[in-house]
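Asker: Attaching a single structure in structure tokens format; questions to follow.
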Amino acid sequence: MNKERFNKYYKNESEFIYTVSKEHLYNLKELISILNDNYKNNKCLGIDNLSNDIFQWTLSESLVLKSYALLEKTMIKLCRLCETLLEIDLGVEDLYGKGIVRSATYLEKVIGFDNVKSNKWNEIKQWGRIRNLIIHNGGEVDNTEVNKIKTTVYVDEDIFGNFISIDYRDVLSFIDVLESYLEYLFSLEPKSDKK
């Protein structure tokens, strides 16, 4: 595909992927706003605080998982778009690794994007740790990880163990990180020698 045609298709298709992702994140923020209002109203009405808190924690964890999955899917779509437009035989699935790290490696090494892992990357990796703790450990944090995780979310430490305690503000903070990163990611273009 010639450079001019690539640029046209890449711009249109990548803008579509980015716009859909932004819309999903916006909808999650709106949902959190509604849920947070309900949470505050329930507290004011004296509705069982423990049930209210457990609901918020559980839902917040789900929203983190949903947001992280959106990032993974968006990065894979961008990889596949570039693979198709550049007519590359090597797909993102052909690389070693998993998830966003594999996609970032593909975009840098195969497609030729510069600095995919800058701008918010460390924060995203931290949220990846939190995601993995939710999925694989039920939110329980090993003693060796507590201080690392506490820089991002509250860790409830008691005799039963250390557990991540995420609230709606944490989820909004994570979504802000994702929005910033995706804006940065979609501002990048492949090096001209890859086109």
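Asker: In segment 112-165, what residues are under 23 Å from residue 102 (Cβ atoms), in a helix (DSSP H, G or I) and either polar (S, T, N, Q) or touching an Asp or Glu at 6+ places or on another chain (Cβ under 8 Å) (or both)?
Answerer: Within segment 112-165, 122, 126, 129, 132, 133, 134, 137 meet the criteria.
Asker: Checking the structure you have, find out if any residue of segment 60-68 is aliphatic (A, V, I, L, M), surrounded by 12 or more Cβ atoms within 10 Å (Cβ to Cβ), modelled with pLDDT of 80 or more and farther than 26 Å from residue 133 by Cα.
Answerer: no
Asker: In addition: Among the numbered criteria (1) over 22 Å from residue 74 (Cβ atoms); (2) buried (at least 16 other Cβ atoms within 10 Å of the Cβ); (3) touching a Phe, Trp or Tyr at 6+ places or on another chain (Cβ under 7 Å), which single criterion is violated by residue 153?
Answerer: Single failed check for residue 153: (3).
Asker: Check whether at least one residue in segment 143-159 is in contact with a Leu (Cβ under 6 Å, 6 or more places away or on another chain) and of a type in the set (Phe, Trp, Tyr), and report yes or no.
Answerer: no
Asker: Within segment 1-39, which residues are at pLDDT below 85, surrounded by 16 or more Cβ atoms within 10 Å (Cβ to Cβ) and under 26 Å from residue 60 (Cβ atoms)?
Answerer: 36, 39
Asker: If I ask for residues that are among the small types (Gly, Ala, Ser), within 14 Å of the chain's Cα centre (by Cα) and either over 16 Å from residue 80 (Cα atoms) or surrounded by 17 or more Cβ atoms within 10 Å (Cβ to Cβ) (or both), which ones from segment 96-128 would you list?
Answerer: 103, 104, 128
The values are calculated or read from the model by the stated rules, or taken from the named source; none is laboratory data. Please read all numbers here as calculations on a predicted model, not as lab measurements. Virtual Cβ from ideal backbone geometry, glycine too; neighbours counted across all protein chains shown.
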